[in-house]
Amino acid sequence: MPEMIAVYDAAGREIGAEDRAVVYTEGLWHASAGVLVRSLDGTRVYVHRRTDTKSVFAGMHDCLAGGVLDPGESPGDAAVRELSEELGIHLSPTDPRPIPLITSSWDGEWAGSPMRCHLFAYEIRSDGPFTHQPTEVADAWWWTDAELRTHLSDPTWPFVPDTRTLIPHLLH
């Protein structure tokens with residue numbers, strides 16, 4: 001069964017929808033929203049390892065809970081949805097929304113094919129509890145910004161490449 005996701009142009013405008021597999025195979029522009037989860041006191045970042053069954057960046061580490069936008073979905077709504085799906089952080093309509101941090105575009109490569117994505121990064125403060133989506137998150141833990149930077153200083157450490165480009169705007 002096809003999974004339709006929003007397709008964008010290079011300028012960041014939504015122009016239609018296509019099956020996720022086609023978007024990845026053909027390197028079509030799409031968009032993703034990711035949320036950096038900081039502890040309530042702001043001293044730690046929630047880092048996770050993606051499952052080995054993910055179709056993109058399988059088994060790699062990330063500090064953003066997120067995913068691609070559905071057709072017609074706003075980045076902010078996608079951020080809230082992904083927090084709920086991946087980490088079990090369910091925001092009520094009266095809860096503060098994730099705070100926008102940066103928007104960027106990544107024109108990279110994955111598994112020998114172009115990977116083009118408009119990135120929308122947000123931040124939220126939470127100490128949990130977390131309920132991981134078993135098909136998305138293999139493991140997760142808290143690190144300080146310094147601990148995460150130490151791991152990121154090794155270019156061979158398996159960290160999601162599009163998030164890696166955002167790190168200067170995400171960490172203190």
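Of note:
- Placing +1 on the Cβ of every Lys and Arg and -1 on the Cβ of every Asp and Glu, with nothing else charged, gives the stretch 79-172 a dipole about its Cα centre of roughly 220 debye.
- Placing R0 at 22 angstrom, the Cβ-Cβ distance between residue 152 and residue 110 gives a FRET efficiency of 0.75 after rounding to 0.05.
- Residue with peak Gaussian network fluctuation, the chain [Cα springs, cutoff 10 Å], from 96, 158, 71: 96
- For the stretch 126-142, the Karplus equation 6.51 cos²θ - 1.76 cosθ + 1.60, evaluated at θ = phi - 60°, returns couplings of 6, 9, x, x, 10, 10, 6, 6, x, 7, 10, 10, 7, 6, 7, 6, 9 Hz by residue, with Gly and Pro reported as x.
- With each label modelled as a point 7 angstrom along the Cα→C-beta vector, the residue 40-residue 55 pair spans 3.9 nm.
- Residue 106 long-range amide H proximity, modeled H, under 5 Å: 117, 118, 119
- Note, ³J(HN,Hα) from phi for the stretch 12-28, Karplus 6.51, -1.76, 1.60, rounded to Hz, x at Gly and Pro: x, 9, 5, 10, x, 9, 8, 4, 3, 4, 5, 4, 6, 5, 8, x, 6
- Applying the criteria of a DSSP loop state and at most 15 other Cβ atoms within 10 Å to the GluC sites (Glu not before Pro) of the stretch 1-54 yields 3.
- Choice from 140, 121, 31 with maximal GNM fluctuation in the chain (Cα, 10 Å cutoff): 140
- Taking the chain as a Gaussian network of alpha-carbon nodes connected by springs under 10 Å, the highest mean-square fluctuation of the residues 84, 92, 113 belongs to 92.
- The fraction of accessible area contributed by carbon and sulfur in the chain is 54 percent, rounded to a whole number (1.4 Å probe; ligands and nucleic acids excluded).
- For residue 44, the residues 5 or more places off, or on other chains, whose built amide H falls under 5 Å of its own are 39.
- Pairwise label distance in nanometres, residue 97 with residue 17, each label 7 Å out on the Cα-Cβ vector: 2.2 nm
- Debye log10 I(q)/I(0) for the chain, one point scatterer per Cα, at q = 0.13 Å⁻¹: -0.61
- For the stretch 3-73 versus the stretch 96-123, the inter-centroid distance based on Cα atoms is 7 Å.
- For the chain, the solvent-accessible area of protein heavy atoms averages 48 Å² per residue (probe radius 1.4 Å; ligands and nucleic acids excluded).
- Net dipole in debye of the chain [+1 Lys, Arg Cβ; -1 Asp, Glu Cβ; about Cα centre; nearest 20]: 360 debye
- Antiparallel content of DSSP bridges confined to the chain, in %, to 5: 75 percent
The values are calculated or read from the model by the stated rules, or taken from the named source; none is laboratory data. Every value quoted in this text rests on a predicted model; they were computed, and no experiment measured them. FYI the Cβ positions are ideal-geometry reconstructions off the backbone, even for glycines, and counts take in every protein chain you see. Side chains are part of the model used for accessible areas, which takes the heavy atoms of the whole protein and leaves out ligands, DNA and RNA. Shrake-Rupley method; radii C 1.70, N 1.55, O 1.52, S 1.80 Å.
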